[in-house]
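Colleague: Supplied in structure tokens, the structure appears directly below.
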Amino acid sequence: MSTPARSLPAPAPAVNPETKDFWAATADGRLLLKRCLDCGSVIWYPRAICPQCSSLHTEWFEASGRGRVYSYTINYRGEGAYQDCAPFVLAYVELDEGPRMMTNIVEADDADLAVGLPVEVVFHDTGEGSALPRCRPAAPHTHAGS
Amino acid sequence: MTIRGKAHIAGAYEHPDRKIPGKSIAQVHAEVALGALADAGLSLSDVDAYFCASDAPGFGPISMADYLGLRRLRYVDSTETGGSSYLVHVGHAAAAIAAGKCRVALITLAGLPRSQRMPRTSASALAPEAAFEQPFGPTTVSMYALAARRHMYEYGTTSAQLAAIKVAASRHAQHNPNAMLRTPVTVEEVLESPMISDPLHRLDCCVISDGGGALVVVAPEVARDLPRQTVKVLGHGESPKLADNGRIDLTYTGAVWSGPRAFEEAGVSTGDVDYVSIYDSFTITVLQTIEDLGFCEKGKGGAFVADGCLEAPHGRLPFNTDGGGLCNNHPVNRGGMTKVIEAVRQLRGEANGPVQVPDCEIALAHGNGGSLGTRSAAATLILGREDA
């Protein structure tokens, strides 16, 4: 049995000078990550300092947009902007580049949800010059190594 | 230098009410302050140090100090680590007393989430992580649900095992006349309660209550002259657990660090502990904490709690004998204060009769603030009976 498609709100994030490049890219359908130019660590969430080695030398690069579900929950009690859209799926997705990113799983039947599920990023426009990176089950041929 | 034996908890008071209409938050802070000082045999004029967290209305510790008329203060601390703040405060107060900075420290917690609408302070829009989390709709319960799911995935923990924690708390709460939920429940009833955020059910969640509590921590020479039995602070550990550059691990808590620090300072081990107050915002909080403190092997918490070992007075690890946050009280969504208070009751032999642990000499109280699912702050206290 299929689960009805979930219609989720897309509340706009607060953007600041440190994160404006990230959010501008989301509006173009690209997921950017920060890499430390000194220790090579992939940084999440994006910030000006590398929390691994304290370097202030970082650069943006475009992520693959692929990963796997690290954990998920079907939340039946949304709050705030999500008050009237429960149930919806909140998750951490481990990106192929390493970081575990908080997100929502969309376009998935409840029965298909699982830790380890391969997913790919989709972007939901906030209407304010940014888009939320959410994840849907990856088409099998698009996920390297699956 | 350690704080072992250099400070005593002389007063402890839990507000008896769980819904308090018609009073202000400052007023309830004052009621619990007076309650704890009366318990100690002291008065506001004896207080020379004041500790509070962000539940105290106004300007850090200053507004409440002014409201209470604390004219002799020479030490203040408004460390905010969520629900564990008050265990942190006991540790900081003991250190300040040991360093000679103060002699009588008052710690208060109070709030009215049931009677008054409160602004949410935990999800500040200015936090650097906010934009990368808040737009996806995380709620407190759902963040703990993510931790529960991952623990289940890695270790095979079941919802029935989590439910056993609630069952034990409910059996304790039936003996507490002030508890919000006094009817014992079964594993089946927990599993049949509505799903809030899968896999956590309504009965996996703590209560929401008005109220509060207060503690008075004093120097040993002050304790000597007081009429009441006091409790020795033997050890303290605190440890923030961070999201770790996006490599967050949801299967453990900061107790893996705060526990060993507290045990080392106290000079005791898990086998010496007669009673534990374990932070119980959700059943999964208890399960992970018990593992992380070393009471059972990591990942085996489910089997450990499922055989009734948490039940007082004769279980191997009697816990939360007041009913805990799951059944008794979780004032202002912050369970740390009541964890310390029940540990003090046990060490004084003043817990409710059927759940008093016989010859209780060493107790552990543990708090966890923030969210297991993102960033949190653990704090562990080891307390001893006055003759310990």
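Colleague: Can you tell me which residues in the stretch B:131-140 are within 7 Å of chain A (Cβ to nearest Cβ) and in a helix (DSSP H, G or I)? Step through it out loud before you land on a result.
Modeller: Looking only at the stretch B:131-140, we keep the residues that are within 7 Å of chain A (Cβ to nearest Cβ), and these are B:131-133, B:135-139.
Of everything in the stretch B:131-140, those that are within 7 Å of chain A (Cβ to nearest Cβ) and in a helix (DSSP H, G or I) turn out to be B:Ala131, B:Phe132, B:Pro135, B:Phe136.
Colleague: A further question follows. Collect the residues in the stretch B:314-340 that are of a type in the set (A, V, I, L, M) and out of contact with any Leu (no Cβ under 7 Å at 6 or more places or on another chain), keeping them in residue-number order. First the steps, then the outcome.
Modeller: Keep residues of the stretch B:314-340 that are of a type in the set (A, V, I, L, M), which gives B:317, B:326, B:332, B:337, B:340.
Hit for the stretch B:314-340 is B:Leu326, nothing else.
Colleague: From the set of residues in the stretch B:78-96 that are in a helix (DSSP H, G or I) and hydroxyl-bearing (Ser, Thr, Tyr), which is surrounded by the fewest Cβ atoms within 10 Å (Cβ to Cβ)?
Modeller: If we filter the stretch B:78-96 for residues that are in a helix (DSSP H, G or I), which is where we start, we get B:85-96.
In the following step, the residues that additionally are hydroxyl-bearing (Ser, Thr, Tyr) were identified as B:85-86.
Numbers: B:Ser85: 27, B:Tyr86: 33.
The extreme case among them is B:Ser85.
Colleague: Moving to a separate point now. Being crowded, with 24+ Cβ neighbours inside 10 Å, in contact with a helix residue (DSSP H, G or I) (Cβ under 6 Å, 6 or more places away or on another chain) and either assigned to a helix (DSSP H, G or I) or at negative phi (or both) narrows it down to one of B:Leu364, B:Leu347, B:Leu326, so name that one. Reasoning before the result, please.
Modeller: Values: B:Leu364 fails: in contact with a helix residue (DSSP H, G or I) (Cβ under 6 Å, 6 or more places away or on another chain); B:Leu347 fails: in contact with a helix residue (DSSP H, G or I) (Cβ under 6 Å, 6 or more places away or on another chain).
From the options B:Leu364, B:Leu347, B:Leu326, the qualifying one is B:Leu326.
Colleague: Still on this structure: Consider only pairs whose beta carbons are under 6 Å apart and that are at least six residues apart or on different chains; among these, list those whose first residue lies in the stretch B:45-64 and is closer than 17 Å to B:Ser124 by Cα and in the same structural domain as B:Tyr86 (by TED's automatic domain parsing) and whose second residue is part of a loop (DSSP other than H, G, I, E, B) and not small (Gly, Ala, Ser).
Modeller: B:Ala53/B:Glu80; B:Ser54/B:Glu80; B:Ser54/B:Thr121; B:Asp55/B:Val332
Colleague: Are there any pairs, at least 6 apart or on different chains, whose C-beta atoms fall under 8 Å, with the first in the stretch B:233-261 and under 19 Å from A:Tyr70 (Cβ atoms) and the second polar (S, T, N, Q) and surrounded by fewer than 24 Cβ atoms within 10 Å (Cβ to Cβ), and if so, which?
Modeller: Correct list of pairs: B:Ala243/B:Thr374; B:Asn245/A:Ser41; B:Asn245/A:Gln52; B:Ile248/B:Thr374.
Colleague: Within the stretch B:185-243, considering only strands (runs of 3 or more DSSP E) that don't extend past its boundaries, which have at least 2 residues that are crowded, with 23+ Cβ neighbours inside 10 Å and of a type outside the set (A, V, I, L, M)?
Modeller: Qualifying strands (runs of 3 or more DSSP E): B:211-218, B:231-241.
Colleague: Let me ask something else about it. Would you say B:Ser115 is in a loop (DSSP other than H, G, I, E, B), modelled with pLDDT under 95, out of contact with any Leu (no Cβ under 9 Å at 6 or more places or on another chain) and surrounded by fewer than 21 Cβ atoms within 10 Å (Cβ to Cβ)? Spell out the reasoning first.
Modeller: Values: in a loop (DSSP other than H, G, I, E, B): yes; modelled with pLDDT under 95: yes; out of contact with any Leu (no Cβ under 9 Å at 6 or more places or on another chain): yes; surrounded by fewer than 21 Cβ atoms within 10 Å (Cβ to Cβ): yes.
Considered against the rule, which asks whether it is in a loop (DSSP other than H, G, I, E, B), modelled with pLDDT under 95, out of contact with any Leu (no Cβ under 9 Å at 6 or more places or on another chain) and surrounded by fewer than 21 Cβ atoms within 10 Å (Cβ to Cβ), B:Ser115 comes out as yes.
Colleague: Report, by residue number, each residue of the stretch A:82-100 that is more than 7 Å from every other protein chain (Cβ to nearest Cβ), closer than 14 Å to A:Leu132 by Cβ and crowded, with 21+ Cβ neighbours inside 10 Å.
Modeller: Residues satisfying the conditions are A:Val89, A:Ala91, A:Val93.
Colleague: Considering only residues that are within 20 Å of the chain's Cα centre (by Cα) and either small (Gly, Ala, Ser) or at pLDDT below 95 (or both), which ones fall in the stretch B:4-14?
Modeller: Residues of the stretch B:4-14 that are within 20 Å of the chain's Cα centre (by Cα), as a first pass: B:7-14.
Across the stretch B:4-14, the qualifying residues are B:Ala7, B:Ala10, B:Gly11, B:Ala12.
Colleague: With the requirement that a residue be surrounded by fewer than 23 Cβ atoms within 10 Å (Cβ to Cβ), touching a helix residue (DSSP H, G or I) at 6+ places or on another chain (Cβ under 8 Å), over 20 Å from B:Ser193 (Cα atoms) and assigned by TED's automatic domain parsing to the domain that holds B:Ile284, what does the stretch B:121-172 give you?
Modeller: If the condition is that a residue be surrounded by fewer than 23 Cβ atoms within 10 Å (Cβ to Cβ), touching a helix residue (DSSP H, G or I) at 6+ places or on another chain (Cβ under 8 Å), over 20 Å from B:Ser193 (Cα atoms) and assigned by TED's automatic domain parsing to the domain that holds B:Ile284, then B:Tyr155, B:Gly156 are the ones that fit.
Colleague: Given the options A:Glu107, A:Glu79, A:Glu62, name the one that is surrounded by fewer than 21 Cβ atoms within 10 Å (Cβ to Cβ) and touching a residue at least 40 places away in the same chain (Cβ under 8 Å).
Modeller: Numbers: A:Glu79 fails: touching a residue at least 40 places away in the same chain (Cβ under 8 Å); A:Glu62 fails: touching a residue at least 40 places away in the same chain (Cβ under 8 Å).
Of the residues listed, the single one that is surrounded by fewer than 21 Cβ atoms within 10 Å (Cβ to Cβ) and touching a residue at least 40 places away in the same chain (Cβ under 8 Å) is A:Glu107.
Colleague: Quick check, is B:Glu154 of a type in the set (Asp, Glu) and within 14 Å of B:Asp249 (Cα to Cα)?
Modeller: Values: of a type in the set (Asp, Glu): yes; within 14 Å of B:Asp249 (Cα to Cα): yes.
Yes.
Colleague: Mind telling me which of the residues A:Glu18, A:Glu79, A:Glu62 ends up being among the acidic types (Asp, Glu) and more than 9 Å from chain B (Cβ to nearest Cβ)?
Modeller: Working: A:Glu18 fails: more than 9 Å from chain B (Cβ to nearest Cβ); A:Glu79 fails: more than 9 Å from chain B (Cβ to nearest Cβ).
It is A:Glu62.
Colleague: Please go through the stretch B:150-164 and give me each residue that is without any contact (Cβ under 8 Å) to a residue 60 or more places away in the chain and within 7 Å of chain A (Cβ to nearest Cβ), ordered by number. Before the answer, list the steps.
Modeller: Filtering the stretch B:150-164 for residues without any contact (Cβ under 8 Å) to a residue 60 or more places away in the chain gives B:152-153, B:159.
Matches in the stretch B:150-164: B:Tyr153 only.
Colleague: Looking at B:Asp48, B:Asp17, B:Asp66, which one is of a type in the set (D, E, K, R), closer than 20 Å to B:Val340 by Cβ and modelled with pLDDT of 95 or more?
Modeller: Numbers: B:Asp48 fails: closer than 20 Å to B:Val340 by Cβ; B:Asp66 fails: closer than 20 Å to B:Val340 by Cβ.
Among B:Asp48, B:Asp17, B:Asp66, only B:Asp17 is of a type in the set (D, E, K, R), closer than 20 Å to B:Val340 by Cβ and modelled with pLDDT of 95 or more.
Colleague: In the stretch B:278-334, what residues are charged (D, E, K, R) and modelled with pLDDT under 95?
Modeller: B:Asp307
Colleague: Determine, yes or no, whether B:Ile284 is assigned to a loop (DSSP other than H, G, I, E, B) and either in contact (Cβ under 8 Å) with a residue 12 or more places away in the chain or away from every other protein chain (no Cβ under 14 Å) (or both). First the steps, then the outcome.
Modeller: Working: assigned to a loop (DSSP other than H, G, I, E, B): no; either in contact (Cβ under 8 Å) with a residue 12 or more places away in the chain or away from every other protein chain (no Cβ under 14 Å) (or both): yes.
Answer is no for this residue.
Colleague: Within the stretch B:182-234, which residues are polar (S, T, N, Q), more than 22 Å from B:Ala98 (Cβ to Cβ) and more than 14 Å from every other protein chain (Cβ to nearest Cβ)? Please lay out each step first, then the result.
Modeller: Step one: list which residues in the stretch B:182-234 are polar (S, T, N, Q), which gives B:183, B:186, B:193, B:197, B:209, B:229-230.
Of the ones still in play, those that are also more than 22 Å from B:Ala98 (Cβ to Cβ) are B:183, B:186, B:193, B:197, B:209.
Selection gives B:Thr183, B:Thr186, B:Ser209.
Colleague: Name every residue in the stretch B:350-360 that is touching a residue at least 24 places away in the same chain (Cβ under 8 Å) and either part of a loop (DSSP other than H, G, I, E, B) or touching a Leu at 6+ places or on another chain (Cβ under 8 Å) (or both), in order of residue number. Break it down stepwise before answering.
Modeller: First pass over the stretch B:350-360, keeping only residues touching a residue at least 24 places away in the same chain (Cβ under 8 Å): B:351-360.
Within the stretch B:350-360, B:Ala351, B:Asn352, B:Gln356, B:Val357, B:Pro358, B:Asp359, B:Cys360 meet the criteria.
The values are calculated or read from the model by the stated rules, or taken from the named source; none is laboratory data. Computed from a prediction, not measured in an experiment: that's the story for all the values here. Positions of Cβ are generated from backbone atoms using ideal geometry, with glycine treated the same way; all protein chains shown enter the neighbour counts.
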